[in-house]
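Novice: The structure is given below, and queries will be raised subsequently.
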Amino acid sequence: MAKKDAPPRWDRKMQQRLARGEAAALGEAYDRFASLVHSLAHRVLGDEKAADAVTREVFAHIWEHPETYDPKRGPLRTWIAAVTHRLAVQRLRDREERGLGGRPGEDLDEAEEPVGGEDLESKVRRASVAARADYIVHSMPVPLRHALELAYFQRRDYRQTAADLGVTEDEARRRLRLGLQLLSTAHDVGAPPGCGGAA
């Protein structure tokens with residue numbers, strides 16, 4: 001039996017394969033994590049083209065620097081989310097410093113004046129909370145995620161959610177409560193878990 005804190009086997013093998021330069025490993029990582037990377041980048045930047053660019057940067061970083069991921073420090077998914085957050089926030093700050101005001105699709109010639117540092121930090125905090133919430137939703141167990149999707153995106157109450165999921169009303173309430181408790185942690189830290197020094 002594996003140790004409780006041992007990194008998942010897939011994560012260790014993926015890191016080893018990437019370190020050996022296996023292109024197929026990068027393809028597998030892309031297939032598994034590209035939607036997460038793109039959605040996190042889009043949450044921070046609010047721009048499809050910029051999110052596409054960050055997605056390319058993240059997978060280039062994974063390919064060029066697989067040794068920066070340490071399976072003992074956490075799951076590969078968490079590390080990739082941290083790299084994404086760092087690169088997206090850096091792109092947002094660069095855009096602000098160039099005077100684009102964080103508005104998607106603008107060129108330097110169109111910018112009138114830069115947004116102040118306080119506004120940038122506030123925007124980064126909001127984007128970080130949104131990115132963390134998105135990460136939490138995508139990472140939570142499927143039963144909790146399905147309950148939240150039914151309740152909040154399809155406007156079902158807990159009774160309808162229970163009927164749709166084929167569970168008791170008590171179980172539906174429990175799933176919704178747990179899902180909301182997980183989501184409430186999005187405000188606790190301004191970035192996806194593992195951001196501190198993970199990249």
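Novice: So, Gly46, is that one at positive phi, open to solvent by 10 Å² or more (accessible area, probe 1.4 Å) and modelled with pLDDT of 85 or more or not?
Specialist: On the way: at positive phi: yes; open to solvent by 10 Å² or more (accessible area, probe 1.4 Å): yes; modelled with pLDDT of 85 or more: yes.
Yes.
Novice: Just the residues that are at pLDDT 65 or above and part of a helix (DSSP H, G or I), please, taken from segment 92-119. Quick ask: steps written out before the conclusion?
Specialist: Within segment 92-119, the subset at pLDDT 65 or above is 92-99, 119.
Passing the criteria: Leu92, Arg93, Asp94, Arg95, Glu96, Glu97, Asp119.
Novice: Looking at segment 7-37 only, could you name the residues that are buried (at least 18 other Cβ atoms within 10 Å of the Cβ) and free of Cβ contacts under 8 Å to residues at least 40 places away in the same chain?
Specialist: Passing the criteria: Ala25, Leu26.
Novice: Quickly run through segment 61-91 and pick out the residues that are closer than 24 Å to Gln16 by Cβ, open to solvent by 40 Å² or more (accessible area, probe 1.4 Å), in a helix (DSSP H, G or I) and without any contact (Cβ under 8 Å) to a residue 60 or more places away in the chain.
Specialist: Trp63, Glu64, Glu67
Novice: Still on this model: Would you mind finding the one in Ala147, Ala151, Ala130 that is in contact (Cβ under 8 Å) with a residue 24 or more places away in the chain and open to solvent by 20 Å² or more (accessible area, probe 1.4 Å)? Steps first, answer last, please.
Specialist: Values: Ala147 fails: open to solvent by 20 Å² or more (accessible area, probe 1.4 Å); Ala151 fails: open to solvent by 20 Å² or more (accessible area, probe 1.4 Å).
Ala130 is the lone residue from the list that is in contact (Cβ under 8 Å) with a residue 24 or more places away in the chain and open to solvent by 20 Å² or more (accessible area, probe 1.4 Å).
The values are calculated or read from the model by the stated rules, or taken from the named source; none is laboratory data. Worth saying up front: this structure is predicted, and the values here are computed from it rather than measured. Reconstructed Cβ throughout: ideal geometry from the backbone, glycine too, with neighbour counts over all protein chains shown. With ligands, DNA and RNA removed, areas are computed over all heavy atoms of the protein, side chains included. Shrake-Rupley method; radii C 1.70, N 1.55, O 1.52, S 1.80 Å.
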